[in-house]
Amino acid sequence: LNETAVEKLGWTPEGAVGKPFKLSGSGTVIGVVADYHIGSLRDAIDPVVLQLHQADSWSGNPIVAARLHPGQYREGRAHIETVLSERTRTTAPEVRFLDDEFEAMYRTEEKVAAIFLAFALLAIVVACLGLYGLAAHAVERRTKEIGIRKVMGAEASQILRVLYKEVVVLLLVSTAIAWPVSYFIMQGWLENFAFKIQPGIWPFVISSVAAFVIAVGVTSFQALRAAWTNPAHTLRDE
């Protein structure tokens, strides 16, 4: 029995050995194995019973599990198929690799991850275009103010801070909204798994820092162009 089965029966691992047990036939517990996953991590570990069968009493669809040496998978597979074909009267056995079976369990997650990555990249591109337009609009709206600041002796760095201020405020507001929404969405998705991790703070911090870097980089072109513009051109009468 595995540990979960022993726990369900109300036994202890030490006390279970030697106890009578009946499933498809009468028997005795000869050992307790540690819990291990026999399915997806979405599911909790179920009770498992491992039985010894005599060769002449086995019925059903037999499964042979074999471990192959690394780098000799092709030779090992050919050998297994040859031996089983010689010893059985059935058609060629179906050979599958366990890592492929486990990968198939999480194929949906891989597809979802690829879709989210594509939409995330698209969202970043759209956001960058929006930031560029926002920066251009801010510069256009404050052209004369920037010219007056330059005439009064303002440095380019001071003008940049003025233009960055609007973008930074918007980013702070969006971050305050995005963090809790993202956390609850992640928590809802993780609830589908019996074994899950807790979302840490670092993914949120790293994504926010990346957003600030992208925003500053996109805004810099318009901001620097406004800071380096000759105030004589911005303050003249149209």
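The values are calculated or read from the model by the stated rules, or taken from the named source; none is laboratory data. Source: prediction; values computed, not measured. All Cβ positions, even for glycine, are placed from backbone atoms using ideal geometry, and neighbour counts span all protein chains on display. In case anyone asks, the SASA skips ligands and DNA or RNA and just uses the protein heavy atoms, side chains included. Shrake-Rupley method; radii C 1.70, N 1.55, O 1.52, S 1.80 Å.
What the table below lists for this structure:
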| item | result |
| --- | --- |
| Region 65-141, accessible area per residue, ligands and nucleic acids excluded (1.4 Å, Å²) | 85 Å² |
| Residues whose placed amide H lies under 5 Å from that of Phe21, excluding near-sequence neighbours | Gly27, Thr28, Val29 |
| Helix 107-141 axis, angle to the chain major axis (alpha carbon atoms, nearest 10°) | 10 degrees |
| Estimated distance in nm for a label pair at Glu140 and Ile115, the labels positioned 7 Å out from Cα along Cα-to-Cβ | 3.8 nm |
| Top positive-direction residue, dipole computed over region 119-238 with Cβ charges, set Val126, Gly147, Val213 | Gly147 |
| DSSP loop chymotrypsin sites (Phe, Trp or Tyr not before Pro) with at most 11 other Cβ within 10 Å excluded, longest remaining stretch of the chain | 98-227 |
| Translational diffusion of region 181-220, µm² s⁻¹ [Kirkwood Rh, Cα pairs; Stokes-Einstein; 25 °C; 0.890 mPa s] | 206 µm²/s |
| Set of aspartates and glutamates near Lys196 by C-alpha distance (under 18 Å), chain-local residues within fewer than 8 positions excluded | Asp35, Asp43, Asp46, Glu103, Glu109, Glu110 |
| Cα-based Rg / Dmax (Å) for region 89-161 | 28.3, 97 |
| Asp43 accessible area, assembled protein chains, probe 1.4 Å, Å² | 90 Å² |
| Rg and Dmax [Cα atoms of the chain; Å; Rg one decimal, Dmax integer] | 32.9, 104 |
| Largest-first ordering by accessible area, 1.4 Å probe, given options Arg225, Arg142, Arg96 | Arg96, Arg225, Arg142 |
| Sequence of Val139, Val33, Val64 when ordered by accessible area, the most exposed leading, probe 1.4 angstrom | Val64, Val33, Val139 |
| Nearest-0.05 FRET efficiency for Ile177 and Ser157, computed from C-beta distance (R0 30 Å) | 0.50 |
| Proximal lysines relative to Lys144, as straight alpha-carbon distance under 22 Å, when same-chain residues fewer than 8 apart are discounted | Lys165 |
| Reach of Lys19 by Cα under 24 Å, taken over lysines that are not fewer than 8 positions away in the same chain | Lys8 |
| 3J(HN,Hα) from dihedral phi, region 157-172, Karplus parametrisation 6.51/-1.76/1.60, rounded to Hz, x for glycine, proline | 5, 5, 5, 4, 4, 5, 6, 6, 4, 4, 5, 5, 4, 4, 5, 5 |
| Sequence-distant residues sharing a close amide H with Val33 (under 5 Å, placed H) | Asn2, Glu3 |
| The chain: calculated mean residue ellipticity at 222 nm from DSSP helix runs of at least 4, using -39500 (n - 2.57) | -20000 deg cm²/dmol |
| Percent accessible area from carbon and sulfur atoms, the chain, protein chains only, probe 1.4 Å | 63 percent |
| Largest-first ordering by accessible area, 1.4 Å probe, given options Met152, Met105 | Met152, Met105 |
| R0 of 25 Å, Cβ-Cβ distance Leu84-Ala44: FRET efficiency to nearest 0.05 | 0.15 |
| Region 22-150: C-alpha gyration tensor shape, a/c 1.5 cut-off, then a/b vs b/c | prolate |
